[in-house]
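Presented below is the structure to which this report refers.
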Amino acid sequence: QVQLVESGGGLAQAGGSLRLSCATSGRTTRTYAVGWFRQAPGKAREFVAAISESGGSTKYADYVKGRFTISRDNAANTVYLQMNSLKPEDTAVYYCAAGFLYSQYTYHYDYWGQGTQVTVSS
């Protein structure tokens, strides 16, 4: 079993920045691909970014490309999401997820964190 804990959420102004962290623990004898997803009230959970097991490959949703950066420190079992130039429409609960496939689809991920709230004011 793998546990994921997100942190770093909070309130930011439009144009500001936040950095989210996703710390993994438990059975971490291997590394996993990790994805970040978000869910705004009344909306479906949507893909934000993903990073491969090694960190050598990344992918982003078009609406965050150029503003968000995903990275990982495997020695620290932590994945980061640097969010710059935040917009009010980025407001959502952000979830990290771990799985065996490097993917933009929720069903490819086996383990999920509880989420962290990000609120961007205009």
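Where a number appears in this text, it was derived from the coordinates with a stated rule and is not lab data. The shown structure was predicted, so the numbers you read here are calculated from the model rather than taken from an experiment. Positions of Cβ are backbone-derived with ideal geometry, glycine not excepted, and every protein chain shown enters the neighbour counts.
Structure notes:
- Residues of the range 9-46 with amide N under 14 Å of the 7 Å Cα→Cβ point at Lys59: 33-37
- Each residue, Gln104 and Leu11, gets one label point 7 Å from its Cα in the Cβ direction; the gap between the two is 3.4 nm.
- Estimated D of the range 15-60 in µm² per second, where Rh is the Kirkwood radius over Cα pairs and Stokes-Einstein applies at 25 °C, 0.890 mPa s: 193
- Given their separation in residues at 0.36 nm each and the Cα-Cα distance between them, Glu46 and Ala75 gain 7.6 nm when the chain is fully extended.
- Mean Cα-pair separation over length for the chain, i.e. relative contact order, pairs under 8 Å, 6 or more apart, %: 36
- With an a/c value of 1.5 or above and a/b larger than b/c for the gyration tensor axes a ≥ b ≥ c computed over the alpha-carbon atoms, the chain is described as prolate.
- Given the chain, longest segment not containing exposed loop trypsin sites (Lys or Arg not before Pro) (DSSP; at most 13 other Cβ within 10 Å): 66-122
- Applying 1/(1 + (r/R0)^6) with r as the Cβ-Cβ distance of Gln1 and Asn84 and R0 = 41 angstrom yields a FRET efficiency of 0.75.
- For Phe68, nonlocal amide neighbours, meaning residues 5 or more places apart or on other chains whose placed amide H falls under 5 Å from its own, are Asn84.
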